[in-house]
Amino acid sequence: MKIIEIVTPIENFFAVESIITRHQSEILWVNIDEDKKKKRVRALVSDDQRQSVLDALQGLFRGDDHSKILVMAVEASLPRKEVASKIKDSSDKSSTTREELYNEIEKNTRLDSTYLLLVFLSTVVVSIGLLENNVAVVIGAMVIAPLLGPNIALALGAALGDMPLMWKAFKTMVTGIGLALFLSICVGFYHPMNLDSPELMARTDVGLDSIALALASGAAAVLSLTTGLSSVLVGVMVAVALLPPTATLGIMLGAGHVQLAIGAAILLAVNIVCVNLAAKMVFLLRGIKPRSWLEKQKATQSMTTYLVIWMFSLTILLVVILFRHGYFL
């Protein structure tokens, strides 16, 4: 449950009250600001009703610059409110609203000094871990690397038909991977190569199990976000990290091992494609979509294009993997 606070002109109060009560939510507090002729209303709204309440309020305030809606977390509510045992509307499958999800995911698309510094540091750490065959160091680099976030944001942008978010996420992802690749090429050029490192060589080969792992991990990442269990993301970052294959690709290119670099490049491509495809499918199944009809039309178009591109890419990668393993010989 969360608190929704509405600040709106006094004449909108009865409409706001009607929306809140119609969605079986409880008005906790009403305050009047006589000077600004506004009312401030706080309501306690359950997870299954929150998106419907926000949609109704946004419809009421369309074109109104004098009204604001705030969503605030609730640590506990006493006395405990009983949850009604009824079947939820199938269109409301996510316990997190699209607005909350957007704010959570959009933060990971910001191309700033913090993002670049994290990419720089994690690349240095993972390169050392791979070359020295230090599993703990590699895992540590996976956790601090910020490369998964832009991929999830790219899928959310397609689900909402939000082209600015998609473009922002794409630029951040390409910049991060480009920086990591450049740094790891430098490491491979100057650092003595260790082809006996299992951690390094494991990222130069990709099989069908890598596709299944990346699809499952991408789905788990989005599922954790839409259900509010973001702590699961740490495990996903380790399971389908984008940084180790990127660093392996750069190290192999810097050292002149082209064939091994190709294997790492395929693994990186598989992880990116599968994470994006799985993320989009989960957003679709969880009912994450725009509010208005026109936005839904745009989102449907972007979703179709998005799915076709990633499924086509995955098919090509699948053929390449089967060919490399001799299935067509």
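The table for this structure:
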{"read-out": "Helices (runs of 4 or more DSSP H) completely within region 204-265 that count 2 or more residues being at pLDDT 80 or above", "value": "208-226, 243-255"}
{"read-out": "Sole residue being assigned by TED's automatic domain parsing to the domain that holds Val270, more than 30 Å from Leu307 (Cβ to Cβ), touching a Phe, Trp or Tyr at 6+ places or on another chain (Cβ under 8 Å) and part of a helix (DSSP H, G or I), chosen from Leu121, Leu156, Leu117, Leu183", "value": "Leu183"}
{"read-out": "Which numbered condition Pro150 fails, given (1) farther than 15 Å from Leu242 by Cα; (2) touching a helix residue (DSSP H, G or I) at 6+ places or on another chain (Cβ under 7 Å); (3) surrounded by 20 or more Cβ atoms within 10 Å (Cβ to Cβ)", "value": "(1)"}
{"read-out": "Only one of Gly59, Gly63 that is loosely packed, with under 12 Cβ neighbours inside 10 Å, part of a loop (DSSP other than H, G, I, E, B) and out of contact with any Phe, Trp or Tyr (no Cβ under 8 Å at 6 or more places or on another chain)", "value": "Gly63"}
{"read-out": "Per-region count, region 166-195, residues at pLDDT 85 or above and closer than 23 Å to Val125 by Cβ", "value": "19"}
{"read-out": "Residue in region 74-97 that is of a type outside the set (A, V, I, L, M, F, W, C) and at pLDDT 80 or above present", "value": "no"}
{"read-out": "Tally, over region 7-29, of residues that are touching a Lys or Arg at 6+ places or on another chain (Cβ under 7 Å) and at pLDDT 85 or above", "value": "5"}
{"read-out": "Some residue of region 125-138 being touching a residue at least 40 places away in the same chain (Cβ under 8 Å) and at positive phi", "value": "yes"}
{"read-out": "Filter result for Leu267 (more than 30 Å from Leu54 (Cβ to Cβ), touching a residue at least 40 places away in the same chain (Cβ under 8 Å) and either surrounded by 24 or more Cβ atoms within 10 Å (Cβ to Cβ) or out of contact with any Gly (no Cβ under 7 Å at 6 or more places or on another chain) (or both))", "value": "yes"}
{"read-out": "Residues satisfying the stated conditions in region 159-180, i.e. surrounded by 19 or more Cβ atoms within 10 Å (Cβ to Cβ), assigned to a helix (DSSP H, G or I) and not hydroxyl-bearing (Ser, Thr, Tyr)", "value": "Ala159, Leu160, Leu165, Met166, Lys168, Ala169, Met173, Gly176, Ile177, Ala180"}
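The values are calculated or read from the model by the stated rules, or taken from the named source; none is laboratory data. Small disclaimer: the values here were computed from a predicted structure and weren't measured. Ideal geometry is used to build each Cβ from the backbone, glycine not excepted, and the neighbour counts take in all protein chains shown.
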